[in-house]
1. Can you pull out every residue in the stretch 64-73 that is over 23 Å from residue 94 (Cβ atoms) and surrounded by fewer than 21 Cβ atoms within 10 Å (Cβ to Cβ)?
2. Of the conditions (1) in contact (Cβ under 8 Å) with a residue 60 or more places away in the chain; (2) open to solvent by less than 50 Å² (accessible area, probe 1.4 Å), residue 409 fails just one. Which one is it?
3. Please specify each residue of the stretch 334-372 satisfying the condition of being more than 18 Å from residue 412 (Cα to Cα), assigned to a loop (DSSP other than H, G, I, E, B) and open to solvent by less than 50 Å² (accessible area, probe 1.4 Å).
4. Go through (1) open to solvent by 10 Å² or more (accessible area, probe 1.4 Å); (2) more than 25 Å from the chain's Cα centre (by Cα); (3) touching a residue at least 12 places away in the same chain (Cβ under 8 Å) one by one and return the number of the condition residue 61 breaks.
5. For the stretch 392-406, check the following and say yes or no: at least one residue is closer than 20 Å to residue 310 by Cβ and in contact with an Asp or Glu (Cβ under 7 Å, 6 or more places away or on another chain).
6. Going by the structure shown, is residue 299 at positive phi, surrounded by fewer than 21 Cβ atoms within 10 Å (Cβ to Cβ) and over 44 Å from the mean Cα position of the chain (by Cα)?
7. Please work out which residue is nearest to residue 266 (Cα to Cα), limiting yourself to the stretch 323-333 and to residues that are open to solvent by less than 20 Å² (accessible area, probe 1.4 Å) and either assigned to a loop (DSSP other than H, G, I, E, B) or polar (S, T, N, Q) (or both).
8. State whether one or more residues within the stretch 483-494 are in contact (Cβ under 8 Å) with a residue 60 or more places away in the chain, more than 23 Å from the chain's Cα centre (by Cα) and part of a helix (DSSP H, G or I).
Amino acid sequence: MAQKGANLQKSFWWLIFGIICVLTVTTRFYKIAEPDHVCWDETHFGKMGSWYINRTFFFDVHPPLGKMLIGLSGYLTGYDGTFAFDKPGDKYENTSYVGMRVFCTALGATLVPMSFLAVDEMTQSITAATFASLLILFDVGLLTLTQYILLDPILLCFIMGSVLGAVKVSSPRITEFTATWWVWLIFTGTMLACCISVKFVGLFVVLLVGLMTIADLWNILENMSRPVSQLIGNSLHNASMPRQVAYGAIITLKNHRTGGGYLHSHYHLYPENVGARQQQITTYTHKDDNNKWLIKKYNTEDTSGITIVRSGDLIRLEHVPTRRNLHSHKEQAPITKKHYQVTGYGENGTGDANDVWKISVIGAKDGSEVTAVSSKLKFVHYLQSCVLTTSGKQLPKWAYEQQEVSCNPNLRDPHGVWNVEENIFEKLPNVSFEVYAPSFFERFLESHAVMFQGNAGLKPKEGEITSRPWQWPINYRGQFFSGSSYRVYLLGNPVIWWANLIFLLVFVFVFGANAIRQQRGYIKSFSESHNEKLVACAWLFLGWLLHYVPFWAMGRVLYFHHYFPALLFSSMVTGIIIDYLLEEIPNFFGEKTGNVVYHTLVALVLSTVVYSFYLFSPLTYGMSGSNANEPNSTMYGLKWLDTWEF
């Protein structure tokens, strides 16, 4: 009997999901070829797609992936890249433009089923998933924005894909490290990479998924059956070695820049006409015995006893496998000609005065001890007065395409910073790496430093209608996509948008009230269903904040369409909160009456959303005749705000 009930529930799930998919395809691809002229920013992104097809160089403030995909879709559907895309209103005539619109529309259409799947996974409620996806399905603004040759449908698809993937990866219903889990993990990473490769605002969803991942890892920590693991495969994982660096120690030196390459050498020599024909010195990013160096005093081979290396000491570094010393002289470096060449020189550890280097600990006085891992070091050549550095430039095949090491006369070279990673010396006691490891915050900042290049210099064109963030959630003013006799106007479905704004406030109130009631002891614990819905809303509310609030601080020109990523999150919050409130009905009316009220309200919500879509659909599918402010216009009664210009 239980099996039969489960099968019926599964069949019902597929029925609802199938209906939503059919409605999505029907609404999205209807009139896709109309209007048959350039609309709004198709003039930019269609033109850029043409440039890719024609192999024409250009610069744009957005990353390239979206335009490349538009160009590819046009190329595959017969567009030859010759249409000028000069200005909105230009007729396409015999141009094969429909393929590019179909591609963008198809990606935009994925928003609806992906939102259904994401909300269903987060709440385990088909009702919440249905409401959320229908609010996205029946918003005329999203429909308009995703029917044209624009970056927006591509970006929105990748944002929703990132959210769906992150939800699936962190779901307790998918076991870690199974094939399904790996598929969703790869899917999430791909979606995130695509987001940031289409527009820089993709960083907001990267941040959201990052926070979800941190929360997921935090929850894993409370499971004591799981081991705490970090840096596995790195020499510092569970490391135990001397803290101080002493003469006679065998060490590896890692550069702080250029991907963290290790100072490296091998038996091969520099080729003819590349400085002195001595042993090659490079950096190499993998673990290798050729990364090991013996640290010696500058004036003796004696390594007996224990003498700690100190800042300001003169030292020599002997390459352990080849027994040649680290050496520099006034020969040009192989690539960076303003630098001196660095080589391996000598026999069995014996060389000359050009093997001597002064070791300095950055930020410490001379005489300070050199320590493994934590000391940031510079090596200044004693005779040439240049600093050991790596340019990060790749050497030719004669050096196995490893990176160039040179000696820079500019002692402030930021690439000339090294640290001792491995420290092998049996005469000193080993200590745990945790004693001298940098803090998590320091590691986090160092390994996740990101350079963000904005487009803050964008200014509005003459006569162009811009907007401010406060106007967006209230649907204050739309945006013309086509201003000819066949008019298309970007405006959100006001019923959905204003409901979203109300239910965002309702969520804040419900979440706060429940938190207070639980803290005061009125609620011992939430039901699993309520808890899942509140947690889901909390993450989606955070997603809305991340995709909306940063625009308040931006000095660049802003447009109405910048709000649509945030709209996705607010619509999903609304769908879940409606379901949450409907579930409370039996508590007020009793089971029998509550059942009638429940279904009545569900029907009322659905019919209101559908009917509002029917009323405002001409904004998307095209209007002709008089403007809405004229009494004889078919849209006259729908001009609810004076700022709407359709």
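The values are calculated or read from the model by the stated rules, or taken from the named source; none is laboratory data. Just so we're clear, the structure is a prediction, and the values are computed from it rather than from any experiment. As a convention, Cβ positions derive from the backbone with ideal geometry for all residues, glycine included, and neighbour counts pool all protein chains shown. Accessible surface areas use protein heavy atoms only, side chains included; no ligands, DNA or RNA. Shrake-Rupley method; radii C 1.70, N 1.55, O 1.52, S 1.80 Å.
1. Of the residues in the stretch 64-73, the ones over 23 Å from residue 94 (Cβ atoms) are 64-69.
Those that are over 23 Å from residue 94 (Cβ atoms) and surrounded by fewer than 21 Cβ atoms within 10 Å (Cβ to Cβ): 64, 65, 68.
2. (2)
3. If the condition is that a residue be more than 18 Å from residue 412 (Cα to Cα), assigned to a loop (DSSP other than H, G, I, E, B) and open to solvent by less than 50 Å² (accessible area, probe 1.4 Å), then 334, 346, 349, 351, 356, 367, 368, 370, 372 are the ones that fit.
4. Every listed condition holds for residue 61 apart from (2).
5. Quick first cut of the stretch 392-406, residues closer than 20 Å to residue 310 by Cβ only: none.
No, that holds for no residue.
6. On the way: at positive phi: no; surrounded by fewer than 21 Cβ atoms within 10 Å (Cβ to Cβ): yes; over 44 Å from the mean Cα position of the chain (by Cα): yes.
In short, no.
7. The qualifying residue nearest to residue 266 (Cα to Cα) is 325.
8. Start the filter on the stretch 483-494 by keeping residues that are in contact (Cβ under 8 Å) with a residue 60 or more places away in the chain, which leaves 483-494.
From what's left, more than 23 Å from the chain's Cα centre (by Cα): 483-494.
Next, from what is left, pick out any that are part of a helix (DSSP H, G or I): 494.
Checking the stretch 483-494: at least one residue is in contact (Cβ under 8 Å) with a residue 60 or more places away in the chain, more than 23 Å from the chain's Cα centre (by Cα) and part of a helix (DSSP H, G or I).
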